[in-house]
Amino acid sequence: MSKGYLYWFIKATTISIIDNKALQEKKMKQMKYLLKVGVLLLLVGVFAATSVYAQSDEQHIGIGGNVLVSSGNLGGFNIRYWTESKFGVEAGLNFRSNWMSIPISGLYTLAHIDTNSMYIRPYVGGGISMNRFSIFDHSETKIGGQGFGGVELTAKSMPQLSFGGNLGVHNFGKFFGIGNTDFKLGLHAHYYFK
């Protein structure tokens, strides 16, 4: 191997290592931010758990929008259905320019909390997702999964509109030989029909 080729090989390898280190530092900052948000959601849940417990006896189906916030944001819409018991189901469509995800999750309500001004519903959930990633002329479809916990807030003055957030682990499958598992903060809003 000549000196010229060796020089360019070492330079390209060094740049790749520096880029990977910068990417790792960026991911670490994002993880710290998501951890802070998770602690905030946990504090809201603890505060809510000390409030008066109330069991909802109505079935609800809601349509809404959501965004998964992380290194690559995914936004979309979903349908959420809560039964008379503590169980629910959610299905959605999330997308960005070269990515599409169709998650289906089961939900479990930890409590129905009735405060003076709002209803608070802490919940956990998990399920599977179908994910499609495209780059140039190549596309791949993979099955992934997700697990999360969150809280849904509904003001008593607007009982059909809810806002909330969740924090969880999402695995979108292995694309082009690279795994894609990430902690993500999800924000959502739903309009419920009674």
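The values are calculated or read from the model by the stated rules, or taken from the named source; none is laboratory data. Keep in mind the model is a prediction, meaning the values are calculated, not measured. Note that each Cβ is placed from the backbone with ideal geometry, even for glycine, and that neighbours are counted across all protein chains shown.
Of the residues G186, G127, G179, G144, the single one that is at pLDDT 85 or above, farther than 14 Å from L74 by Cβ and of a type outside the set (S, T, N, Q) is G127. Within the stretch 84-99, restricting attention to residues that are in a loop (DSSP other than H, G, I, E, B) and of a type outside the set (K, R), which residue is nearest to V67 (Cα to Cα)? That would be S97. Scanning the stretch 109-123 for residues that are at pLDDT below 95 and not in a loop (DSSP other than H, G, I, E, B) yields T109, I113, D114, M118, Y119, I120, R121. The conditions of being surrounded by fewer than 17 Cβ atoms within 10 Å (Cβ to Cβ) and of a type in the set (F, W, Y) are met by F136. When the stretch 136-148 is filtered for residues that are assigned to a strand (DSSP E or B) and over 21 Å from the mean Cα position of the chain (by Cα), the ones remaining, listed by number, are H138, S139, E140.
Okay, residues lined up against (1) hydroxyl-bearing (S, T, Y); (2) assigned to a strand (DSSP E or B):
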| site | (1), (2) |
| --- | --- |
| S101 | yes, yes |
| I128 | no, yes |
| S134 | yes, yes |
| G150 | no, yes |
| S157 | yes, no |
| N166 | no, yes |
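Yes or no: the stretch 145-163 includes at least one residue that is of a type in the set (F, W, Y), in contact (Cβ under 8 Å) with a residue 60 or more places away in the chain, touching a Gly at 6+ places or on another chain (Cβ under 9 Å) and surrounded by 13 or more Cβ atoms within 10 Å (Cβ to Cβ). No: the stretch 145-163 contains no residue that is of a type in the set (F, W, Y), in contact (Cβ under 8 Å) with a residue 60 or more places away in the chain, touching a Gly at 6+ places or on another chain (Cβ under 9 Å) and surrounded by 13 or more Cβ atoms within 10 Å (Cβ to Cβ). For Y119, the requirement of being crowded, with 16+ Cβ neighbours inside 10 Å and among the hydroxyl-bearing types (S, T, Y) is met. The single condition among (1) under 17 Å from the mean Cα position of the chain (by Cα); (2) β-branched (V, I, T); (3) over 24 Å from F193 (Cβ atoms) that I79 does not satisfy is (3).
There is at least one residue in the stretch 178-189 that is within 19 Å of N66 (Cβ to Cβ), touching a residue at least 24 places away in the same chain (Cβ under 8 Å) and acidic (D, E). When S129, S101, S97 are checked against the criterion of being of a type in the set (S, T, N, Q), out of contact with any Pro (no Cβ under 7 Å at 6 or more places or on another chain) and buried (at least 16 other Cβ atoms within 10 Å of the Cβ), a single residue qualifies: S101.
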